[in-house]
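Following: one structure in structure tokens, then a few remarks.
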Amino acid sequence: MSSKINTNKDEVFKEEINKVSDFKFGSKVAGVFDDMVSRSVPYYGEIQRMTAELAADHVQKGTDIYDLGCSTGTTMIGMNSLVDEDIRFIGIDDSVEMLEKCHSKLKEVGVKRPFDLRVADLNTGVEITNASVVVLCLTLQFVRPIAREKLLKTIVDGLVPGGVLIISEKILAEESLFNRDFIKYYYNYKRRNNYSEMEISQKREALENVLIPYKLNENIHMLREAGFDHCETFFKWYNFSGVIAVKK
Ligand SMILES: C[S@@+](CC[C@H](N)C(=O)[O-])C[C@H]1O[C@@H](n2cnc3c(N)ncnc32)[C@H](O)[C@@H]1O
């Protein structure tokens, strides 16, 4: 993707920080987010590609596609070339800085369809209506656990019959025995992407109370409880997964 505004290198945790505070999606992170996420999430590009092709196959005429926690709009840009131009995209995020980047990127790549970018907090409730596809890519993990079930119910209620949720998350192993190995492989992945030991450990500390992963089966259970009738895992790499959930 050729975007001048988003090619900045992630050096947020490069220098030693005296007291690491909780991770925030403010201007510092928004400015380097695309580099950060592609160096921090294994197969990020493939997850985006799969999300777009799944969305294209499930979108329904006369409905909207929602991207919750849309960040800089990478998913919407991926879907743009595969989904009919009458379909409106609605991107939601609680970070104004992310939505500003998102707006510039959508304009830069020449998105012509109607789109609406909304500032809203997924912890406190969000309005979803007439959706055939809802995307939650690496976002539910940042929603407070107590608010997750309600958010999933809101999504089910806002989907038309046959509508889908495409959700990708950082996860815990089903058996805690494997967590240590999976984390080791994950940090090795980050090292291969040129993150230093200090960057890895400072970011881990910053995310500790902010990113709360569940097990894949816990997420699937929560999706079924919320009212989804079919759930299928479409992506899995150690501690990352993607699931598509269908409302009948
Ligand atoms: C890891 S990023 C998501 C990446 C993005 N979906 C993608 O595919 O590239 C998480 C996003 O969720 C947003 N977010 C986190 N908590 C939120 C909340 N409670 N309400 C709305 N957005 C939230 C953050 O601002 C951030 O942009």
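Taken together, the values in this text are just the output of simple stated rules run on the coordinates, not laboratory data. Since the model is a prediction, treat every value here as computed from it, not as a measurement. A quick note on method: Cβ atoms are made from the backbone with ideal geometry, for glycine too, and the neighbour counts reach across all protein chains shown.
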Which order do peptides 178-190, 152-164 fall in by mean Cβ count within 10 Å, highest first? 152-164, 178-190
Quick calc, the chain, dipole around Cα centre from Cβ unit charges on Lys, Arg (+) and Asp, Glu (-), nearest 20 debye, gives 280 debye
How large is the helix-only mean residue ellipticity at 222 nm for the chain, computed as the sum of -39500 (n - 2.57) over DSSP H runs with n ≥ 4, divided by its residue count, in deg cm²/dmol to the nearest 500? -12500 deg cm²/dmol
Considering just Cα atoms, how many Å³ per residue does the convex hull of the stretch 88-211 enclose? 156 Å³
Give the span of the stretch 19-246's Cα atoms along each principal axis, as three whole-Å numbers ordered largest to smallest. 49, 39, 30
With the crude spin-label approximation of a point 7 Å out along Cα→Cβ, what separation in nm comes out for Glu85 versus Tyr185? 4.4 nm
Added length on full extension, which subtracts the Cα-Cα distance from 0.36 nm per residue, Lys19 to Asn209: 66.9 nm
For the chain, averaging the sequence separation of alpha carbon pairs under 8 Å that lie six or more residues apart and dividing by its residue count, the contact order in percent is 21 percent
I'd like the antiparallel share, as a percent to the nearest 5, of DSSP beta bridges with both residues in the chain. 40 percent
Quick one: Debye curve from the C-alpha atoms of the stretch 1-126, no solvent, what's log10 I(q)/I(0) at q = 0.15, 0.20 Å⁻¹? -0.73, -1.22
Quick one: if you stick a label point 7 Å off each Cα along the C-beta vector at Ile146 and Phe234, how many nm between them? 3.4 nm
Which one of Ser241, Ser104, Tyr189 is farthest out on the positive end of the charge dipole of the chain, using unit charges on Cβ (Lys, Arg +1; Asp, Glu -1) and the Cα centre as origin? Tyr189
Rounded to the nearest 0.05, what FRET efficiency is calculated for Arg49 and Arg192 with R0 set to 25 Å and r the Cβ-Cβ distance? 0.75
Specify whether the C-alpha gyration tensor of the stretch 63-135 places it in the rounded, prolate or oblate class, a ≥ b ≥ c being the square roots of the eigenvalues: rounded for a/c under 1.5, otherwise prolate if a/b is larger than b/c and oblate if not. oblate
Rg and Dmax of the stretch 145-236, Cα atoms, in Å? 16.1, 48
